[in-house]
Amino acid sequence: MTTIYHNPRCSKSRETLALLRAEGITPEVVLYVETPVSRAKLAELVARSGLSAAAFLRAKEAEAKEIGVSVTSDPEAILDAIAAHPRLMERPIVETAKGVALGRPPEAVKAVL
């Protein structure tokens with residue numbers, strides 16, 4: 001099963017979804033702004049990706065600055081912030097049985113397909 005945590009307003013997210021479909025994959029699409037990812041699931045995604053929690057944070061968003069979270073914040077605080085403010089989650093994220101990858105650039109997800 002392949003899941004994409006998707007924001008249709010994001011060009012990279014749309015490109016990654018198109019890439020998956022071009023590969024013959026029909027992913028489960030989670031519109032994470034409308035259906036936020038749980039704090040526990042975020043921690044699992046980070047752990048499976050091999051990346052830092054900071055890699056999953058959209059630190060340039062005004063909301064991040066307003067609440068005082070940045071890439072240098074404690075990883076637990078970053079996960080708490082993303083769980084509470086889903087727009088702060090970097091996108092897209094693709095999850096498969098092989099692992100988790102950020103679609104920046106979209107081709108990066110091929111490593112987990």
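The values are calculated or read from the model by the stated rules, or taken from the named source; none is laboratory data. Please read these numbers as outputs of a predicted model, since none were measured by experiment. Neighbour counts run over all protein chains shown; Cβ positions are idealised from the backbone, glycine included. Side chains are part of the model used for accessible areas, which takes the heavy atoms of the whole protein and leaves out ligands, DNA and RNA. Shrake-Rupley method; radii C 1.70, N 1.55, O 1.52, S 1.80 Å.
FRET efficiency for the Glu76 to Met1 pair, using the beta carbon distance and R₀ = 30 Å, is estimated at 0.60.
Counting only protein heavy atoms and a probe of 1.4 Å, the accessible surface of the chain is 53% carbon and sulfur. Of all stretches in the chain that contain no GluC sites (Glu not before Pro) in a DSSP loop with at most 16 other Cβ atoms within 10 Å, the longest one is 62-113.
Of the residues Thr72, Thr26, Thr16, the one that moves most in a GNM of the chain with alpha-carbon contacts below 10 Å is Thr72.
In degrees from 0 to 90, rounded to the nearest 10, what is the angle of the helix 39-49 Cα long axis to the longest principal axis of the chain? Helix 39-49 and the main axis of the chain meet at about 60 degrees.
Ignoring ligands, DNA and RNA, what accessible area per residue does the chain give at 1.4 Å, in Å²? It would help to have the intermediate numbers written out before the result.
Values: 5810 Å² over 113 residues.
For the chain, the solvent-accessible area averages 51 Å² per residue.
Segment Thr26..Ala54, full-extension length gain: 7.2 nm, with 0.36 nm per residue of separation and the alpha-carbon distance subtracted.
The long axis of helix 11-22 is offset from the longest Cα principal axis of the chain by roughly 30 degrees. Using a cutoff of 8 angstrom between alpha carbon atoms and counting only pairs six or more residues apart, the relative contact order for the range 1-110 works out to 35 percent. When the chain is treated as a GNM with alpha-carbon contacts under 10 Å, the residue of Ile78, Ile67, Ile25 showing the greatest mean-square fluctuation is Ile67.
The C-alpha atoms of the chain define a longest principal axis, and helix 75-84 lies at about 80 degrees to it.
When the trypsin sites (Lys or Arg not before Pro) in the range 10-80 are filtered for DSSP coil states and for at most 11 other beta-carbon atoms within 10 Å of their beta-carbon, the remaining sites are Lys60. Ordered from longest to shortest, the equivalent ellipsoid semi-axes for the chain are 23, 14, 12 Å, each the square root of 5 times a Cα gyration tensor eigenvalue.
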